[in-house]
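Novice: Okay, handing you the structure first.
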Amino acid sequence: MTVTTRPGGESVLARIVADVRRELALRMTTVPFSQVEARAAAAPPPRDALPALRGDGLRVIAEVKRRSPAKGPLAPIPDPGALAGRYVAGGAAAISVLTEPNWFAGSPADLTAVRTAVEVPVLRKDFVVDPYQVWEARALGADLVLLIVAALDAPTLRSLLGQVHSLGMTALVEAHDQAEVTRAVEAGARLVGVNARDLRTLRIDMAAFAALAAGIPPDVVRVAESGIRGPADAAAYRAAGADAVLVGEAVVTSPDPAAAVAALAAAAATEAR
Ligand SMILES: O=C(O)c1ccccc1NCC(=O)[C@H](O)[C@H](O)COP(=O)(O)O
């Protein structure tokens, strides 16, 4: 689905979440929770993401993203495991996999394929609103789960975060403004992403990370997400204090994804803090 937004119209995020909830309700009737729980117990143990995402230089989380609501199709990606392998060859510290089918043309099978193909931590990037999806993520082999502050009330954010941690995974808690950063930190996030893209309007504000980074405590790992076109953007985020960047479109559309990832990481070989 490709969207246009109208002032005062329903937010894009709200529309995506409504679809996700409908599909989830269907899955919950066809795949009993006990089955998901059993698959999670049999999944390979989670990989520790935090040490992978902070260290010397800027870490790159490279995304498997076939399409975007704003731009439509980006890349067909017939073999997500092979693409993730190219990212890792270029130095990616983690891989993000969009598993949502209707707006991003993703699938849960993409995540499993990527997890099998690479040895770095793998993020389930989806619109998680219910504990069932956290268990699903673990059952698929995910090491990280995205929690979007704008999609969750405070008690739900806190309880989903606790659940991600109790399953041994890491949550990437995503914020777009100061109030959301505060909520992420108060909920106990250890990894906070500032998304330059406002998921309600799809507008990109590349200044958002620099404006918000100082409000993220030093023991929390900081990720700058979205809108990164190349090394200059990555270097600017590093200078503003990012430990890692999360990049989708620029790497899936590159003719050489390994080189694209390597250039992003190399551009920002400066000390951040
Ligand atoms: O990408 C979108 O258009 C989008 C729209 C609505 C909700 C989420 C969306 N994207 C998810 C992401 O956060 C990005 O895929 C990710 O940060 C990479 O962004 P980019 O490098 O700009 O492709």
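Novice: Given +1 on the Cβ of Lys and Arg, -1 on the Cβ of Asp and Glu, and no further charges, what dipole in debye does the range 183-273 carry about its Cα centre, rounded to the nearest 20?
Specialist: It works out to roughly 180 debye.
Novice: Continuing with this model, one more query. So if R0 is 25 Å, what FRET efficiency would Ala259 and Ala211 give, r being the distance between their Cβ atoms, rounded to the nearest 0.05?
Specialist: Working: r = 31 Å, r/R0 = 1.25.
With R0 = 25 Å, the Cβ-Cβ based efficiency is 0.20.
Novice: Placing unit charges on C-beta atoms (Lys and Arg positive, Asp and Glu negative, everything else neutral), compute the dipole magnitude of the range 1-139 about its Cα centre in debye, rounded to 20.
Specialist: Approximately 260 debye in magnitude.
Novice: Quick check: from the Cα gyration tensor, does the range 1-114 come out rounded (a/c under 1.5), prolate or oblate?
Specialist: Judged from the Cα gyration tensor, the range 1-114 comes out oblate (a/c at least 1.5, b/c at or above a/b).
Novice: Something else: Quick check on the chain: of the DSSP beta bridges with both residues there, what percent are antiparallel, nearest 5%?
Specialist: Bridges in the chain that DSSP calls antiparallel: roughly 10 percent.
Novice: When only C-alpha pairs under 8 Å and at least 6 residues apart count, what is the relative contact order of the chain, in percent?
Specialist: This gives 22 percent for the chain.
Novice: Now, a different point. Counting DSSP beta bridges in the range 121-273, what percent are antiparallel, to the nearest 5?
Specialist: Numbers: 1 of 19 bridges.
That works out to approximately 5 percent antiparallel.
Novice: Could you work out the relative contact order of the range 144-236, using alpha carbon pairs under 8 angstrom and six or more residues apart, expressed as a whole percent?
Specialist: Relative CO of the range 144-236 lands at 24 percent.
Novice: Once a ≥ b ≥ c are taken as the square roots of the eigenvalues of the Cα gyration tensor of the range 190-273, is the result rounded (a/c under 1.5), prolate (a/b larger than b/c) or oblate (a/b not larger than b/c)?
Specialist: In terms of gyration-tensor shape, oblate.
Novice: So what's the back-of-envelope 222 nm ellipticity for the chain, counting only DSSP H runs of four-plus at -39500 (n - 2.57) apiece and dividing by all residues, rounded to 500?
Specialist: Result for the chain, helices only: -12500 deg cm²/dmol.
Novice: Using a basic spin-label model with each label point 7 Å from the Cα along Cα→Cβ, how many nm lie between Ala41 and His165?
Specialist: Output for this residue pair reads 2.5 nm.
Novice: Per residue, how many Å² of accessible area does the range 1-139 show with a 1.4 Å probe?
Specialist: Value for the range 1-139: 44 Å² per residue.
Novice: With a cut-off of 8 Å between alpha carbons and a minimum separation of six or more residues, what is the relative contact order of the range 1-119 in percent?
Specialist: Reported relative contact order: 26 percent.
Novice: Sort 184-195, 62-73, 44-55, 139-150 for me by packing, meaning the mean count of neighbouring Cβ atoms within 10 Å per residue, highest on top.
Specialist: Listed from highest to lowest mean packing, they are 139-150, 184-195, 62-73, 44-55.
Novice: Placing +1 at every Lys and Arg Cβ and -1 at every Asp and Glu Cβ, with all other atoms neutral, what dipole size does the range 71-220 have around its Cα centre, in debye to the nearest 20? Present the calculation step by step, with values, prior to reporting the outcome.
Specialist: Working: 12 positive and 16 negative charges, 35 e Å.
Approximately 160 debye in magnitude.
Novice: Further question: Counting Lys +1, Arg +1, Asp -1, Glu -1, what net charge surrounds Ala105 among other residues with beta carbon under 15 Å of its beta carbon?
Specialist: Details: positive: Lys65, Arg66, Arg67, Lys71, Lys125; negative: Asp19, Glu23, Glu63, Asp79, Glu100, Asp110, Asp126, Glu249.
Within the 15 Å Cβ shell, the charges total -3.
Novice: With a 1.4 Å probe and every protein chain kept in, tell me what percent of the accessible surface of the chain is carbon plus sulfur.
Specialist: That share works out to 58 percent.
Novice: Find out how many positive minus negative residues lie around Ala154, taking Lys and Arg as positive, Asp and Glu as negative, among other residues whose Cβ is under 10 Å from that of Ala154.
Specialist: So the surrounding residues net to 0.
The values are calculated or read from the model by the stated rules, or taken from the named source; none is laboratory data. Every value quoted in this text rests on a predicted model; they were computed, and no experiment measured them. Every residue, glycine among them, receives a Cβ derived from its backbone with ideal geometry; neighbour counts consider all protein chains shown. For the accessible areas, the whole protein counts, side chains as well, though only heavy atoms, and no ligand, DNA or RNA atoms are used. Shrake-Rupley method; radii C 1.70, N 1.55, O 1.52, S 1.80 Å.
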